[in-house]
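Data block below; observations after.
The values are calculated or read from the model by the stated rules, or taken from the named source; none is laboratory data. Not measured: the values here are computed from a predicted model. Virtual Cβ from ideal backbone geometry, glycine too; neighbours counted across all protein chains shown.
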């Protein structure tokens, strides 16, 4: 088994990654950051997001494991003081994994060029210097003409991230569905939107067709960029999936309770 250790720049993460690397070498594992079978991230959920994008071209054969150097996150099953247990679990690995859906984002610009992205959590489209005007389609059908700060499209695992903070529902990650959440929509006698999160079925897709000449900022997970004028932005469930090597399981709703409520009876 070829393993790579991917860490953030925090002092604790750097130290933990160094200790883990030595333990893996002593256990006889091959350390390979170019063609790994398993990517072990050390840091937090943001670190795992970065690793996902680093190895997005290898998702068919790469599994991820998260080691958290702070509080447990949604993508991290192990703590920094459990490294010996993690190495033992890797020794007994039988290829087990759990997979979750990803977001496929396709863009068409006004010069007819295109771009393609994968997101683990979400993608957003915003206008920073005025009201964003965007027609929204579900499959081929017109749904609404949006006016507001922006729109967010999230995966089930991403539903506990930015989407939740703007009023989105929390979705179980076994659902192959997408969620569209409005960001500060304008609703009055002239403009009207649904003003509620929309859950998109697996065989459907969402298309944004923004008004021309607007200054947009697009985000894909934690990465943001200003874009050339966009003609169309299409979202669907990706054919690719992310795979986690899960040697022990924490129920999703227990994770939600621990992260956002934290009050035990």
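Is at least one residue of the stretch 250-264 in a strand (DSSP E or B) and within 30 Å of residue 39 (Cβ to Cβ)? For the stretch 250-264, residues in a strand (DSSP E or B) and within 30 Å of residue 39 (Cβ to Cβ): absent. State whether one or more residues within the stretch 47-61 are in contact with a helix residue (DSSP H, G or I) (Cβ under 6 Å, 6 or more places away or on another chain) and either surrounded by 13 or more Cβ atoms within 10 Å (Cβ to Cβ) or not assigned by TED's automatic domain parsing to the domain that holds residue 211 (or both). Taking every residue of the stretch 47-61 in turn, none turns out to be in contact with a helix residue (DSSP H, G or I) (Cβ under 6 Å, 6 or more places away or on another chain) and either surrounded by 13 or more Cβ atoms within 10 Å (Cβ to Cβ) or not assigned by TED's automatic domain parsing to the domain that holds residue 211 (or both). Here residue 1 meets the list (1) closer than 26 Å to residue 121 by Cβ; (2) surrounded by fewer than 22 Cβ atoms within 10 Å (Cβ to Cβ); (3) at pLDDT below 95 almost entirely, failing just condition (1). Residues that are within 16 Å of residue 235 (Cβ to Cβ) and either outside any strand (DSSP E or B) or in contact with a helix residue (DSSP H, G or I) (Cβ under 6 Å, 6 or more places away or on another chain) (or both) within the stretch 131-148 comprise 139, 140, listed in sequence order.
Considering every residue within the stretch 82-92, establish whether at least one is within 12 Å of residue 247 (Cα to Cα) and in a loop (DSSP other than H, G, I, E, B). Even if it seems obvious, please write down each step before you answer.
Residues of the stretch 82-92 within 12 Å of residue 247 (Cα to Cα): 85-92.
Narrowing the set further to residues that are in a loop (DSSP other than H, G, I, E, B) leaves 92.
Yes, the conditions are met somewhere in the stretch 82-92.
Among the numbered conditions (1) in a strand (DSSP E or B); (2) touching a helix residue (DSSP H, G or I) at 6+ places or on another chain (Cβ under 6 Å); (3) buried (at least 22 other Cβ atoms within 10 Å of the Cβ), the only one that residue 151 does not meet is (2). Has the stretch 31-47 got at least one residue that is closer than 26 Å to residue 158 by Cα, under 14 Å from the mean Cα position of the chain (by Cα) and without any contact (Cβ under 8 Å) to a residue 24 or more places away in the chain? Within the stretch 31-47 (the criterion being closer than 26 Å to residue 158 by Cα, under 14 Å from the mean Cα position of the chain (by Cα) and without any contact (Cβ under 8 Å) to a residue 24 or more places away in the chain), the answer is no, since none of the residues qualifies.
Of all the numbered requirements in (1) in contact (Cβ under 8 Å) with a residue 12 or more places away in the chain; (2) in contact with a strand residue (DSSP E or B) (Cβ under 7 Å, 6 or more places away or on another chain); (3) over 22 Å from residue 55 (Cα atoms), residue 120 misses one, and that requirement is (3). Checking 237, 183 one by one, the residue that is farther than 16 Å from residue 151 by Cβ, buried (at least 17 other Cβ atoms within 10 Å of the Cβ) and under 20 Å from the mean Cα position of the chain (by Cα) is 237 and no other. Applying the condition of being touching a residue at least 60 places away in the same chain (Cβ under 8 Å) and not in a loop (DSSP other than H, G, I, E, B) to the stretch 165-212 and asking which residue is farthest from residue 139 (Cα to Cα) yields 210. From the list 173, 202, the one residue that fits, being surrounded by fewer than 17 Cβ atoms within 10 Å (Cβ to Cβ), in contact with a strand residue (DSSP E or B) (Cβ under 9 Å, 6 or more places away or on another chain), in the same structural domain as residue 132 (by TED's automatic domain parsing) and over 24 Å from residue 230 (Cα atoms), is 202.
Out of the residues in the stretch 8-28 meeting the condition of being in a loop (DSSP other than H, G, I, E, B) and touching a helix residue (DSSP H, G or I) at 6+ places or on another chain (Cβ under 7 Å), tell me which one is nearest to residue 85 (Cα to Cα). My answer is 27. Comparison of 104, 111 shows that the only residue that is in contact (Cβ under 8 Å) with a residue 40 or more places away in the chain and loosely packed, with under 15 Cβ neighbours inside 10 Å is 111.
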